[in-house]
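Trainee: Sharing a structure with you now.
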């Protein structure tokens, strides 16, 4: 307890700039705070603060130690909040980014539910199909769909993401049904034109091996929703995620082709910069998404 009090006093003095202000906030005499700081410095064997009659400044060692102490106290507060009698109590602002199409369908509708469970949290949602620089742009968490590039970011798999070739019955009646992935070269295929998307082409399993093809056609677009609409209009074959086309496949508006060649699913991930010192609001947001996306009934009802 004494060690924790020493750390709390050190952080308070650094934040308020004086022993007197820190003592007043805690309701003790300044001498009590001074003794705690002296004991902390003696135990560590370093000088943390330079005290003059006018002000208090941090030493180099004090600045480095302060950052670690702030994280320690924040983690302690989060741990206590997570088991408090009132339940989990997260607070603060959460900045989230997600791909446009997936974000509109499967992130934005969940935000009000999350905020209803955590009334002290506010949230900003950025929808963009570019891969944002989370650290430099200040995002706490990204939802990403598909294969993840190698990076220093930490990821949690939330659900599987299966891709299928689909087309409107009218197109297949007019152009024929492809029997193998190589047949796609004879078809009008609706492809994403974004440099950041499907860079390796469409994925299939052929003779037990993962194969990528780059089919073409008269139409491409950087927006997945436009490709979806074109597909419904019978303008070609599209390679889409099940979360985009499940309802249309169920009601017959779209028909799955080449199902026997479907590639293994990739993933839907929550990505964040650091595993250590993760704010409680970020942990709860990731757990919230995992709970919903991990329920098979969610995808049929969404």
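The values are calculated or read from the model by the stated rules, or taken from the named source; none is laboratory data. Keep in mind the model is a prediction, meaning the values are calculated, not measured. Cβ placement follows ideal geometry from the backbone for every residue including glycine, while neighbour counts extend to all protein chains displayed.
Trainee: Please state which one of 32, 50 is in the same structural domain as residue 8 (by TED's automatic domain parsing), touching a strand residue (DSSP E or B) at 6+ places or on another chain (Cβ under 6 Å), modelled with pLDDT of 75 or more and more than 12 Å from residue 7 (Cβ to Cβ). I'd like the intermediate steps shown before the answer.
Mentor: Numbers: 32 fails: touching a strand residue (DSSP E or B) at 6+ places or on another chain (Cβ under 6 Å).
Criteria check complete, one pass: 50.
Trainee: Next up: Run down 3, 36 and say which single residue is free of Cβ contacts under 8 Å to residues at least 60 places away in the same chain and more than 37 Å from the chain's Cα centre (by Cα).
Mentor: Numbers: 3 fails: more than 37 Å from the chain's Cα centre (by Cα).
Just a single option satisfies the conditions, and that option is 36.
Trainee: Yes or no: the range 172-180 includes at least one residue that is touching a helix residue (DSSP H, G or I) at 6+ places or on another chain (Cβ under 7 Å) and assigned to a strand (DSSP E or B).
Mentor: no
Trainee: Has the range 128-142 got any residue that is surrounded by fewer than 13 Cβ atoms within 10 Å (Cβ to Cβ), at pLDDT 80 or above and over 19 Å from residue 289 (Cα atoms)?
Mentor: Yes.
Trainee: Among the residues of the range 208-241, what is the count of those that are in a helix (DSSP H, G or I) and over 16 Å from residue 191 (Cα atoms)?
Mentor: Initial filter on the range 208-241 (in a helix (DSSP H, G or I)): 224-232.
Add one more test, that the residue is over 16 Å from residue 191 (Cα atoms), and what stays is none.
So the answer is 0.
Trainee: All but one of (1) closer than 27 Å to residue 165 by Cα; (2) modelled with pLDDT under 90; (3) surrounded by 13 or more Cβ atoms within 10 Å (Cβ to Cβ) hold for residue 297; which doesn't?
Mentor: Against the list (1) closer than 27 Å to residue 165 by Cα; (2) modelled with pLDDT under 90; (3) surrounded by 13 or more Cβ atoms within 10 Å (Cβ to Cβ), residue 297 comes up short only on (3).
Trainee: If I go through the range 52-64 residue by residue, how many of them are surrounded by 15 or more Cβ atoms within 10 Å (Cβ to Cβ) and over 38 Å from the mean Cα position of the chain (by Cα)?
Mentor: Matching residues across the range 52-64 total 1.
Trainee: Separate question: If I filter the range 170-181 down to residues being loosely packed, with under 14 Cβ neighbours inside 10 Å and closer than 14 Å to residue 258 by Cα, which single residue comes out as farthest from the chain's Cα centre (by Cα)?
Mentor: Residues of the range 170-181 loosely packed, with under 14 Cβ neighbours inside 10 Å: 170, 173-174, 176, 179-180.
From what's left, closer than 14 Å to residue 258 by Cα: 176, 179-180.
Details: 176: 41, 179: 38, 180: 36 Å.
Here the answer is 176.
Trainee: Residue check, residue 38 against (1) surrounded by fewer than 16 Cβ atoms within 10 Å (Cβ to Cβ); (2) touching a helix residue (DSSP H, G or I) at 6+ places or on another chain (Cβ under 8 Å); (3) in a helix (DSSP H, G or I), all met but one. Which one?
Mentor: (2)
Trainee: So residue 277 ticks every box in (1) modelled with pLDDT of 90 or more; (2) assigned by TED's automatic domain parsing to the domain that holds residue 124; (3) at positive phi but one. Which box is left unticked?
Mentor: Among (1) modelled with pLDDT of 90 or more; (2) assigned by TED's automatic domain parsing to the domain that holds residue 124; (3) at positive phi, the lone unmet condition for residue 277 is (1).
Trainee: If I go through the range 1-35 residue by residue, how many of them are surrounded by fewer than 15 Cβ atoms within 10 Å (Cβ to Cβ) and not in a helix (DSSP H, G or I)?
Mentor: Count: 5.
Trainee: Also, I was wondering about something else. Looking only at the range 114-141, which residues are without any contact (Cβ under 8 Å) to a residue 60 or more places away in the chain, farther than 11 Å from residue 96 by Cβ and assigned to a loop (DSSP other than H, G, I, E, B)?
Mentor: 119, 120, 128, 133, 138
Trainee: Now for a different question. Name the residues in the range 198-221 that are modelled with pLDDT under 80 and surrounded by fewer than 16 Cβ atoms within 10 Å (Cβ to Cβ), would you?
Mentor: Once the filter is applied, which keeps residues that are modelled with pLDDT under 80 and surrounded by fewer than 16 Cβ atoms within 10 Å (Cβ to Cβ), the range 198-221 yields 199, 200.
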